[in-house]
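**Q** Submitted below is the structure of interest, expressed as structure tokens.
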Amino acid sequence: MKLYQNLTPQRAWKYIAVCLVAGFTSSNAQHLTLNTYSNQTEIKATGSITLTDGFYIPAGKNVRIFTGASFQQCVDLVSTPSADQNYISTKVFKKEGVNEGNINATLSTCEVNQTVQYFDGLGRPLQTVTVQGSPGFKDVVQPVDYDAFGREQFKYLPYSTVTGANGSFKPSAITSQAGFYNSPPAGVATITNTAFSESRFEPSPLNRVLERGSPGASWQLSAGHTQKMEYGSNNSTDYAVRLYQAVPSATPGEEHKRILSGTGYYTANELYLSISKDENWESIDGKAGTTEEYKDKEDRIVLKRVFNYKNNAIETLSTYYVYDDLGNLSFVLPPGANPDALALPSQTLQDQFCYQYRYDGRKRLIEKKLPGKDWEYMVYNKLDQLVLSQDSLQRVANQWLFTKYDALGRVVITGVYGDGASRSSLAGTLNSQSVLWENRLGSGTDYDNCSFPQNNIAWYHTINYYDDYNFPGNSFPQPDGVTQMSASRVKGLQTGSFVYQVNSSTRYLSVNYYDKDGRVLKTAAENHLGGTDLTDNTWNFAGELTASTRTHSGGSGPATTIAIRHEYDHMGRKKATMESINGQPEVVLSKLDYNELGQLSKKWLHSTDGNTFLQHTDYAYNERGWLKRSISGEFSIRLGYDTLGTPQYNGNITSQEWGTGYTYPSIYNYGYDKLNRLLSGVSTGAISMSEVLSYDVMGNISTLNRDGAGAGSYIYEGNRLKSISGGGLAAGSYAYDGNGNAVTDGRTGVNLTYNHLNLPITVNGSGLSITYTYDAMGRKLKKVSNMEAPSDYVDGVQYTGGAIEFIMTEEGKARNNGGTYSYEYNLTDHLGNVRYTFYQHPSSGLLERLQSDDYYAFGKQRVASAGVNKYLYNGKELQSELGQLDYGARFYDPVIGRFNTVDPLSEISRRNSHYSYALNNPIRFIDVDGMYAGDPPGWLKSAMDFFGIGTSQPKTKEEAIEKAEGQERLGRVAANNKAIEERLDKLEYIPAVGAISQISKGSVKQDNTIVAAGVGAGLLDAFGGKIASKVTEKVLGPALRKLVGEGLEAAGKEISTLTKSELKAISSFEKQISSHEDKLQKYIADPFKFDNQGILKNAPSDAVRQKIINSRINHLKHEISTFQNNINKIIDGN
């Protein structure tokens, strides 16, 4: 790579920001010579770039100039919407400088995306066309069809086509769609005449769905493997429901306590009943495999009941929800408490299995008890903000976790407060406080320490700063005010924070710098090694992270620079990732190809020239979009659902075959119970492995027979594992602390201690000693073991023995070899389990295997690997001394198939044991970070990751940036949709003639989205004002349509109609959005005020609390997005 620069030195540093990335040697290199600047944000070439004398970039422009491999392809966007159809066209611009004057200029598909939505004569969405949206630049068409009652009986999969002009209406869409899937392009599943889902509706005005199929022959209504729904009410026989009550205590001073009461049943027809059956259910199953949900007249869930088939009989598992007289959830009675019995669950059963909640007079959760844990307390100020919380271990130590806020309700200080006073006493103290928040004393000063607590602070955990950079201890510079948003414009943004080491006065500063759009442009952070991590990000106009350069120093020795580039295709799908460390030649870590539906079809790994790759894997999917095969010369896997083994139709995997190429010598067959829990995993073929399991009603493993060694037995007290024995398991007993953490591990014979986050800090056993160091956010900083060299962790940079051992990458790691880095790559199965690790041999240049790994169903390695890669099952780090995996929030023991500490988010799934792993279905689900079981990475997960939804704690700096940007993408989409709504809100009430000039401008701008909303040019000429032709035109309903008459259509004007009923529907949805946005703003201002069940208020740590807050915020955003999508179906086609 060469960059020729003929600028004078003064001009070069003053006006141009240049990012140089080591490039490739390529026979078809592209060389550019530029004389003038054309307002680009990026200038790139595969060969060289020459800037001639006089080339000038104005001050304030942020331009990235680089050479290197490029895989982005663009073609001109050419669109001709059908003039004889009603439609709305939406364009999303991805380059700066588009305005009313040049909106019709020809742009490429990389510069603008267009969607055209067509409507029928009733104003219903009829077809959506994403113009040139497929990877092959074909139109992606989503057909819509209605039955005689206006219902979508059939929902069709999208397809791609070149039929007709780009963006035009496809009159034979449904026929063409069938043809597409009957003979699909490469990489797309063949779905012969069944590329749709069909619904059967209740024959009543309610139009409730009774049965719903899915694409594919196996999931059609005629095949019987469908989702089925029934509706009814409770009765006194088959659908009887126990009537529980939460009765206030009569003891003076204990009015907040509730006593479980009730011996009778709900009277018949008092509760609404919904019954659901998944695709595996058959009529011979009876109730087995069904779920019953009962709700009262206030729409509160009273009972969830599921049915299993065990020991030749139906097993009923009921979970009751009991509310007090004020509607507060007071008790949750899971199956382990046997709540269907006539007798009340004893206090012992309540303490072992039930969730218990207590509230004060303001309906604030003040005490709660989770199964197997002691009581936890919460104390609030007069603003209903949680100030103090205490678990059982802190109570013994006379300590509380505290939180301080500023005047806007933002968290500013957290830590540990020392006080042996009771909860009620501290509640009185807080209620008497007159100063409720912290204030900054002034520029360059700290908070005034006026809110409670003012003294007896044992440890600080975090200190957050907002609105400016003038806070004490900030050793990093002020923003430059050019590319970085000036300090005067960051009001409302978090600018810096200190995070403390747990139980230490040592703290680490981090500072965020933003661009003009509020995106994180740069982060500067101290690390525990005495060094810093400086990360510079580059975003394109569409908000995609295109480059990130991290400069890491560990306090001594030279800094390490990690430069990463990303490329995206014209629709925002990631196309390639490139990386260079310390100026080494840039390596293409991965290049991604997609099929015509946007599913990943091929992944290429490791290239030094952008043309030849070391390895590649092909992917194939079934009719439901589930991964069917991944094939490579090193590791291949084939998954069975409705085919192979015993068919499963609901997403459970019935078989896993693996090998190389198209040969699968090893086979794993799986069996499940009616609750989708794994009962058996038995292999045949080249490798012999087996696990056979049974469970109790809470999902705790009762027996485990591995490799025919006999049934290992698990003995419990509640959900706590008391002892194990037999079946090849090392016999031993377990002991727990008040928080439900195992302090004695019976299998390994070690003793453990934990910090306030319930993370292990010491492990001691015979000849074994380990200590872990964390910061207050739960990030692991250091591990010291007497069995191996000490390890340090700095956001994906891992040290061993004081030197960098490797740097995590998207596809594996870059291993340090005396200052140079060689890349190692992981091939994984569908769960993200590492199965094959390789690198490029430095001498031969050929692919060389480093290690291979196979696992039992619950994650135990078949053979302890002799390789050096410890990030294996689910990609989690193996603690080799313990045989356990670090999931972030807690450790998991794959030998016994369960966690040894309580799930921090156990209240999300109260029916299951909070020690169980992946809902006891580890072939389908993974536990992403030890707090949530969900689907593994895949094409759907990739889409979720794009918006930062459901992602785990980032392992690398890049992942952290991507997660943050994903959340920002989601927010930006919501902002764009909101702008559209506001425009439509104005349009809704425009009369036939009045205020027509308000829409004659024809377009509205918000961020990078323009939605044109106007009427035909001739009409606007008549009333004053004019709109640019061939941009979306919309007539606002029958009144205006009648005024214009049919002659306008005959003249070929492009008209779409919005009916009065649709306007009313839009208005209703807008009110819902407004209501939810109000909730969202209030929740952001004070999340605790909306936490009636106390899941947030009594979170065990700041990190968990923040995760819950983010989850709730994302949920509200999702609901807003759902309402917006309903509007979009009527109006804007998004």
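The values are calculated or read from the model by the stated rules, or taken from the named source; none is laboratory data. Note that the structure is a prediction, hence the values are computed from the model and not measured. For neighbour counting, all protein chains shown are included, and Cβ atoms are generated from backbone atoms with ideal geometry for every residue, glycine included.
**Q** Quick one: would you say L393 is at pLDDT below 95, hydrophobic (A, V, I, L, M, F, W, C), more than 24 Å from L329 (Cβ to Cβ) and not assigned by TED's automatic domain parsing to the domain that holds G718?
**A** It is false that L393 is at pLDDT below 95, hydrophobic (A, V, I, L, M, F, W, C), more than 24 Å from L329 (Cβ to Cβ) and not assigned by TED's automatic domain parsing to the domain that holds G718.
**Q** In addition: I'd like to check which strands (runs of 3 or more DSSP E) are fully inside region 282-373 and have at least 2 residues that are touching a Pro at 6+ places or on another chain (Cβ under 6 Å) and touching a residue at least 12 places away in the same chain (Cβ under 8 Å).
**A** 313-323
**Q** Taking the condition of being part of a strand (DSSP E or B) and modelled with pLDDT under 95, how many residues in region 823-849 meet it?
**A** 0
**Q** Could you list, in sequence order, the residues of region 705-728 that are in contact (Cβ under 8 Å) with a residue 60 or more places away in the chain and at positive phi?
**A** Selection gives G718 alone.
**Q** Output the number of the condition that D340 fails; it satisfies all remaining conditions of (1) buried (at least 22 other Cβ atoms within 10 Å of the Cβ); (2) in contact with a Ser or Thr (Cβ under 9 Å, 6 or more places away or on another chain).
**A** That leaves (1) as the condition not met.
**Q** Separate question: Can you tell me which residue among R910, R924 is touching a strand residue (DSSP E or B) at 6+ places or on another chain (Cβ under 6 Å), assigned to a loop (DSSP other than H, G, I, E, B) and in the same structural domain as T753 (by TED's automatic domain parsing)?
**A** The match here is R910.
**Q** Identify, by number, the condition in (1) under 26 Å from the mean Cα position of the chain (by Cα); (2) at positive phi; (3) crowded, with 18+ Cβ neighbours inside 10 Å that H606 doesn't meet.
**A** (1)
**Q** So, of the residues in region 600-638 that are polar (S, T, N, Q) and assigned to a strand (DSSP E or B), which turns out to be nearest to T194 (Cα to Cα)?
**A** For region 600-638, the residue satisfying everything is S601.
**Q** A follow-up question, please. Tell me, which strands (runs of 3 or more DSSP E) wholly within region 188-281 include 2 or more residues that are closer than 23 Å to R300 by Cα and not basic (K, R)?
**A** Ranges flagged: 209-212, 227-233, 242-248, 258-265, 272-277.
**Q** If you don't mind, there's one more thing I want to ask. Out of (1) in the same structural domain as N826 (by TED's automatic domain parsing); (2) surrounded by fewer than 21 Cβ atoms within 10 Å (Cβ to Cβ); (3) under 29 Å from K155 (Cβ atoms); (4) touching a residue at least 24 places away in the same chain (Cβ under 8 Å), the odd one out for M571 is which?
**A** (1)
**Q** Looking only at region 745-764, which residues are assigned to a strand (DSSP E or B), surrounded by fewer than 16 Cβ atoms within 10 Å (Cβ to Cβ) and touching a Ser or Thr at 6+ places or on another chain (Cβ under 7 Å)?
**A** N751, T753, T762
**Q** Continuing with the same structure: Output the number of the condition that Q599 fails; it satisfies all remaining conditions of (1) out of contact with any helix residue (DSSP H, G or I) (no Cβ under 9 Å at 6 or more places or on another chain); (2) buried (at least 20 other Cβ atoms within 10 Å of the Cβ).
**A** In the conditions (1) out of contact with any helix residue (DSSP H, G or I) (no Cβ under 9 Å at 6 or more places or on another chain); (2) buried (at least 20 other Cβ atoms within 10 Å of the Cβ), Q599 misses (1) alone.
**Q** From the list G767, G802, G778, exactly one residue is touching a residue at least 40 places away in the same chain (Cβ under 8 Å), of a type in the set (G, A, S) and at positive phi. Which is it?
**A** None of the others qualify; the one that does is G778.
**Q** Here's another thing I want to ask about it. So which residues in region 443-479 are more than 33 Å from the chain's Cα centre (by Cα), surrounded by fewer than 19 Cβ atoms within 10 Å (Cβ to Cβ) and either among the charged types (D, E, K, R) or assigned to a strand (DSSP E or B) (or both), if there are any at all?
**A** Correct list: D446, D448, I457, A458.
**Q** Filter region 766-790 down to the residues that are outside any strand (DSSP E or B) and of a type in the set (A, V, I, L, M, F, W, C), then identify the one that is surrounded by the fewest Cβ atoms within 10 Å (Cβ to Cβ).
**A** Of everything passing the filter in region 766-790, M787 is surrounded by the fewest Cβ atoms within 10 Å (Cβ to Cβ).
**Q** Kindly indicate whether G681 is surrounded by fewer than 17 Cβ atoms within 10 Å (Cβ to Cβ) and of a type outside the set (F, W, Y).
**A** So G681 fails the test.
**Q** Collect the residues in region 201-241 that are of a type outside the set (F, W, Y) and either touching a Gly at 6+ places or on another chain (Cβ under 7 Å) or without any contact (Cβ under 8 Å) to a residue 12 or more places away in the chain (or both), keeping them in residue-number order.
**A** P203, S204, P205, L206, Q220, L221, S222, A223, T226, T237, D238, listed by residue number.
**Q** In addition: Please enumerate the residues belonging to region 399-443 that are in contact (Cβ under 8 Å) with a residue 12 or more places away in the chain, in contact with a helix residue (DSSP H, G or I) (Cβ under 8 Å, 6 or more places away or on another chain) and not β-branched (V, I, T).
**A** W400, L401, L408, G409, D419
**Q** Is at least one residue of region 930-944 in a loop (DSSP other than H, G, I, E, B), more than 15 Å from the chain's Cα centre (by Cα) and at pLDDT 85 or above?
**A** No, region 930-944 has no match at all.
**Q** Sticking with this structure for a sec: Please count how many residues of region 112-135 are touching a strand residue (DSSP E or B) at 6+ places or on another chain (Cβ under 7 Å) and outside any strand (DSSP E or B).
**A** Count: 7.
**Q** Tell me which residues, restricted to region 549-559, are surrounded by fewer than 21 Cβ atoms within 10 Å (Cβ to Cβ) and in contact (Cβ under 8 Å) with a residue 60 or more places away in the chain.
**A** The answer is T549, and nothing else.
**Q** Moving on. Looking at the structure I just gave you, is S236 in the same structural domain as I301 (by TED's automatic domain parsing), loosely packed, with under 15 Cβ neighbours inside 10 Å and either aromatic (F, W, Y) or closer than 24 Å to T291 by Cβ (or both)?
**A** In short, yes.
**Q** Does region 527-544 hold any residues that are touching a residue at least 24 places away in the same chain (Cβ under 8 Å) and either within 28 Å of Y774 (Cβ to Cβ) or β-branched (V, I, T) (or both), and which are they?
**A** The answer is N527, H528, L529, G530, G531, D533, T535, N537, T538.
**Q** Given the criterion of a type in the set (S, T, N, Q), surrounded by 19 or more Cβ atoms within 10 Å (Cβ to Cβ) and at pLDDT 95 or above, identify the matching residue among N921, N869.
**A** N921 is the lone residue from the list that is of a type in the set (S, T, N, Q), surrounded by 19 or more Cβ atoms within 10 Å (Cβ to Cβ) and at pLDDT 95 or above.
**Q** Something else: May I ask you to list pairs of residues, at least six apart or on different chains, whose Cβ atoms are under 8 Å apart, with the first in region 92-104 being among the polar types (S, T, N, Q) and the second being crowded, with 18+ Cβ neighbours inside 10 Å and assigned to a loop (DSSP other than H, G, I, E, B)?
**A** N104/V1031
**Q** In region 428-442, how many are part of a strand (DSSP E or B) and among the hydrophobic types (A, V, I, L, M, F, W, C)?
**A** 0
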